[in-house]
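In what follows, a single structure is set out as structure tokens and then discussed.
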Amino acid sequence: MNATTTATPGAPPGPLAGRSAQYDAFHAARARTDLVARLYAAAMGEDYPAEIAASSSCDWPLLGLMTTRLRMRPGQLLVDAGCGTGGIGLWLARALALRLEGFDLSPVAVTQATGRRPRFGLPAERAAFRVAELENTGLPDVGAHGIVCVDALGGAADRSAALRELARVLAPGGRLVMTRAARRGATPAWTEQARAAGLTVEHVDERPAEPALWERLYRLWIAHADKLRRELGEDQAQSMLREAHQVLPTLPGRRAVLLTLRRPAEGPASSGAADTMAGPGLRPGDGPASSERTPQ
């Protein structure tokens, strides 16, 4: 992927195409009906951010926490890693007056994210989306002041490699905020992974309500199984129901957190390197089944 251009939606080359196919089907099916969004809204209640419409655990408390932990200034560059249909990054970019670069494995999701820009009042020069994977973003070194990664790392083929790639993209002093999960009582791998990527753990914010959210949502899926089959098709409905039945028993032992990782500042000269970026995609100077798997 050319780091200086925004990918046009289309089939990605090589192995990426095979990996993206299931996500394409997932996003295409959910775009045909508002049933899934209504079930997420029912599970989250007043914490559901309707404008974002994310297929994730992103609720109002998480949005507020991410805003606090990012500590970004107007005009800085935010990367939304594994952005899906783009709602989280677009909301943050509008709320904080940021520039946005989002990427996702699915060309269908990227198309949908691009189409949502006008709803958030963001022009193309403020928000760009591309097809890429977590382990190979195609983004320039030290270009991002902040990165968000919500319920996406569990889908990476190599989580350690993905974390190293996101660390490469961060400017000195920049922060990566990401949802992570572990089994209660187990020693999580994230501290060691962060250190190996050259990042420091700045905050670990517990999300005690997250497992119960998924439990409510899964039970709603099961209760509405016939509607899911009718409106999404048999394949997508069966995938959702299989996930619900597999993950429900694991939720009582799930520990969910928002992890804030920071790339250490390297001194006054380098700490502002990303401030020379003129816009998304430009190089500086150019102007649950397991505890870490995230339910969907």
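Structure summary
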read-out: Complete set of residues in the range 81-106 that are closer than 24 Å to ARG30 by Cα, of a type in the set (A, V, I, L, M, F, W, C) and assigned to a loop (DSSP other than H, G, I, E, B); value: CYS83, LEU105
read-out: Count of the range 182-225 residues which are among the basic types (Lys, Arg), within 23 Å of LEU251 (Cα to Cα) and either open to solvent by less than 60 Å² (accessible area, probe 1.4 Å) or in a helix (DSSP H, G or I) (or both); value: 3
read-out: Test: residue in the range 117-128 that is under 24 Å from TRP214 (Cα atoms) and open to solvent by 10 Å² or more (accessible area, probe 1.4 Å); value: no
read-out: Count of residues meeting criterion [outside any loop (DSSP other than H, G, I, E, B), touching a helix residue (DSSP H, G or I) at 6+ places or on another chain (Cβ under 8 Å) and either open to solvent by less than 20 Å² (accessible area, probe 1.4 Å) or among the aliphatic types (A, V, I, L, M) (or both)] in the range 44-75; value: 4
read-out: Residue match in the range 256-267 (condition: modelled with pLDDT of 95 or more, crowded, with 17+ Cβ neighbours inside 10 Å and farther than 24 Å from ARG99 by Cβ); value: yes
read-out: Test: residue in the range 155-166 that is hydroxyl-bearing (Ser, Thr, Tyr), assigned to a helix (DSSP H, G or I), closer than 30 Å to LEU251 by Cα and open to solvent by 20 Å² or more (accessible area, probe 1.4 Å); value: yes
read-out: Out of VAL177, VAL150, sole residue that is touching a Cys at 6+ places or on another chain (Cβ under 6 Å) and either open to solvent by 20 Å² or more (accessible area, probe 1.4 Å) or more than 12 Å from GLU101 (Cα to Cα) (or both); value: VAL150
read-out: Unmet criterion (only one of (1) in contact with a Phe, Trp or Tyr (Cβ under 8 Å, 6 or more places away or on another chain); (2) open to solvent by less than 20 Å² (accessible area, probe 1.4 Å); (3) not in a helix (DSSP H, G or I)) for LEU78; value: (1)
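The values are calculated or read from the model by the stated rules, or taken from the named source; none is laboratory data. These numbers come from a predicted model, not from an experiment. Cβ sites come from the backbone with ideal geometry, for glycine too, and all protein chains shown count toward neighbours. The accessibility values were calculated without ligands, DNA or RNA, using every heavy atom of the protein model including side chains. Shrake-Rupley method; radii C 1.70, N 1.55, O 1.52, S 1.80 Å.
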